[in-house]
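Heads up: the structure comes next, in structure tokens.
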Amino acid sequence: MPRTIIEPFRIKSVEPIRWTTRAEREALLKHADYNLFLLPASDVLIDLLTDSGTGAMSTHQWAAVMEGDESYAGSKSFDRFRDSVRGICGYRHVIPTHQGRAAERILFGVACKKGDIVPNNTHFDTTRANVEFVGAEAVDLLIPEGKDPASKHPFKGNMDIAALEGLIARVGRERIPLVMLTVTNNSGGGQPVSIENIRQVSAICHHHGIPLYFDACRFAENAYFIKLREIGYESKTPKEIARTMFGYGDGCTMSAKKDGMANIGGFLCTNNDFLAQQEKDLLILTEGYPTYGGLAGRDLEAIAVGVEEALEEDYLRYRIASIAYLGNHLSEQGVPLVQPPGGHAIYLDARAFLAHIPPAQFPGVALAAEIYLEGGIRSVEIGTLMFGAAAQMDLVRLAIPRRVYTQSHIDYVVEIILEVWKKRDSIRGLKLTYEAPFLRHFSARLEPV
Ligand SMILES: Cc1ncc(COP(=O)(O)O)c(C=O)c1O
């Protein structure tokens, strides 16, 4: 096979992007109070804020959109969506939601109560917020290697098995309504979880009668890492690996805006008939009837095709290679980042990049602001602003939308970050001037210290 890995698609429709001057960006950043969420997207040249809902759909997905059955109840689009999702994860009940956090809210709203504890390898911000919203406690049990940005452990998303057993022994099985595994581990660097770890977590959960759920947003990328890195899976297809993984669990939450290759959507799956009924009742209250769950029929069609496309090997090979290319070109020049490169993003280690800025002065936010100033690239802090005192690292995530940017866009990103690296000593920390009571990073306002 040739060594050059190319984008496995050609471009049929293009969207212009807009240059701004440095002086314009200085004014824009000040106006946005140093929070890149508050920037108009039209003032961003390369938008790496998130890989969520920002991907390009394929011709097959657009064709499927035209097949959307917009019937309120019992639409054909729901049948296709359910069959496609079930074909991959195998769970009995497939409940559509408008995005991932809606699935989380319904799951935790039904399964958890005040005083409960939900272990996860690392809760994503919306997952943590939804657990806490019902009065339960979100506990992260990542392996120690997962917290060391420099460690090259192949499965840094793994859960700490001894810590899980210790937690169950300490607080008792009754207080743990479910255990979650986030694949890949977004907040911990987009790092995968191995089948062996999933098997062990599953065995412990089932020994204690605790259901295991996946936060499955990036299930296909996780499956491909298993194929590349775990002995015994080299010749399996990503779909076979995904099926094996889901087989160890009892359900999942999913944002179809990631490995669903769609611009909106999500779902909640479970094998528990009793829970599913309660979930559907709550769904009707806030999302919609169980055969559309807050989505249009055409969205269900796009997801039905998208979850299959996310598992195509040519696509996954290119996707993982292009992220690794970005990470390797930066780390070769000494830029500190979470190693090895993740599945959907590169995570700059802002605490090491800006060692002169203490976590309380938000080094991740300061670095993201400087990268925007230098080259109009938008990224996102995952650190002290997002998680407060619970933050174990200060990272800047450069998330790559699926099938959107080309190799030369990535080369440009490398060039800009290397420029920022050269002038790192002149970057200043920030302080908060406004914060919301939860998920404060979306609306926080800051100014230089
Ligand atoms: C791991 C993980 N879980 C849950 C979510 C929430 O999904 P959504 O943004 O669709 O609500 C995200 C979104 O980025 C995520 O990365």
Taking Leu432 as the residue in question, decide whether it is in contact with a Lys or Arg (Cβ under 8 Å, 6 or more places away or on another chain), open to solvent by 40 Å² or more (accessible area, probe 1.4 Å) and not in a loop (DSSP other than H, G, I, E, B). yes
Mind counting the residues in segment 386-398 that are under 22 Å from Arg25 (Cα atoms) and either surrounded by fewer than 23 Cβ atoms within 10 Å (Cβ to Cβ) or of a type in the set (Lys, Arg) (or both)? 1
Only unsatisfied item for Val171, checking (1) more than 12 Å from the ligand (Cβ to nearest atom); (2) touching a residue at least 40 places away in the same chain (Cβ under 8 Å); (3) open to solvent by 10 Å² or more (accessible area, probe 1.4 Å); (4) touching a helix residue (DSSP H, G or I) at 6+ places or on another chain (Cβ under 7 Å), is (4)
Within segment 83-92, which residues are open to solvent by less than 60 Å² (accessible area, probe 1.4 Å) and part of a helix (DSSP H, G or I)? Ser84, Val85, Gly87, Ile88, Cys89
Tally, over segment 81-120, of residues that are near the ligand (Cβ under 10 Å from one of its atoms) and either modelled with pLDDT under 95 or closer than 23 Å to Ile161 by Cα (or both): 1
At pLDDT 95 or above and over 30 Å from Lys227 (Cα atoms): does that describe Phe353? yes
When both residues are 6+ apart or on different chains and their Cβ atoms are under 7 Å apart, which pairs have a first residue that lies in segment 185-207 and is within 15 Å of Glu221 (Cα to Cα) and of a type outside the set (Asp, Glu), and a second that is away from the ligand (no atom under 16 Å from the Cβ) and assigned to a helix (DSSP H, G or I)? Pro192/Ile226; Ser194/Ile226; Ile195/Ile226; Ile195/Thr244
Taking the stated definitions as given, is Ser52 assigned to a loop (DSSP other than H, G, I, E, B) and touching a strand residue (DSSP E or B) at 6+ places or on another chain (Cβ under 8 Å)? yes
Extreme residue, least open to solvent (accessible area, probe 1.4 Å), among residues of segment 133-164 that are modelled with pLDDT under 95 and either assigned to a loop (DSSP other than H, G, I, E, B) or touching a strand residue (DSSP E or B) at 6+ places or on another chain (Cβ under 9 Å) (or both): Gly146
If you check Asn197, Asn186, which single one turns out to be in contact with a Phe, Trp or Tyr (Cβ under 7 Å, 6 or more places away or on another chain), open to solvent by less than 60 Å² (accessible area, probe 1.4 Å) and more than 16 Å from the ligand (Cβ to nearest atom)? Asn197
Considering only segment 202-246, how many residues are of a type in the set (Ser, Thr, Tyr) and either farther than 26 Å from Ala162 by Cβ or open to solvent by 60 Å² or more (accessible area, probe 1.4 Å) (or both)? 3
Ile346 is checked against (1) open to solvent by 10 Å² or more (accessible area, probe 1.4 Å); (2) under 28 Å from Glu415 (Cβ atoms); (3) in contact with a Gly (Cβ under 9 Å, 6 or more places away or on another chain) and fails just one. What number does that condition carry? (1)
Contact list, first residue from segment 16-43 and under 22 Å from Tyr405 (Cβ atoms), second anywhere and open to solvent by 60 Å² or more (accessible area, probe 1.4 Å) and of a type in the set (Ser, Thr, Tyr), beta-carbon distance below 9 Å, six or more apart or interchain, is Arg18/Ser42
Does Ala73 meet the test of being open to solvent by 20 Å² or more (accessible area, probe 1.4 Å), among the aliphatic types (A, V, I, L, M) and in a helix (DSSP H, G or I)? no
Scanning segment 96-110 for residues that are more than 24 Å from Ser75 (Cβ to Cβ) and either of a type in the set (S, T, N, Q) or open to solvent by less than 30 Å² (accessible area, probe 1.4 Å) (or both) gives Glu104, Phe108
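The values are calculated or read from the model by the stated rules, or taken from the named source; none is laboratory data. Worth saying up front: this structure is predicted, and the values here are computed from it rather than measured. Cβ: placed from backbone, ideal geometry, glycine included. Neighbour counts: every protein chain shown. Protein only, heavy atoms only, side chains kept; ligands, DNA and RNA dropped before computing areas. Shrake-Rupley method; radii C 1.70, N 1.55, O 1.52, S 1.80 Å.
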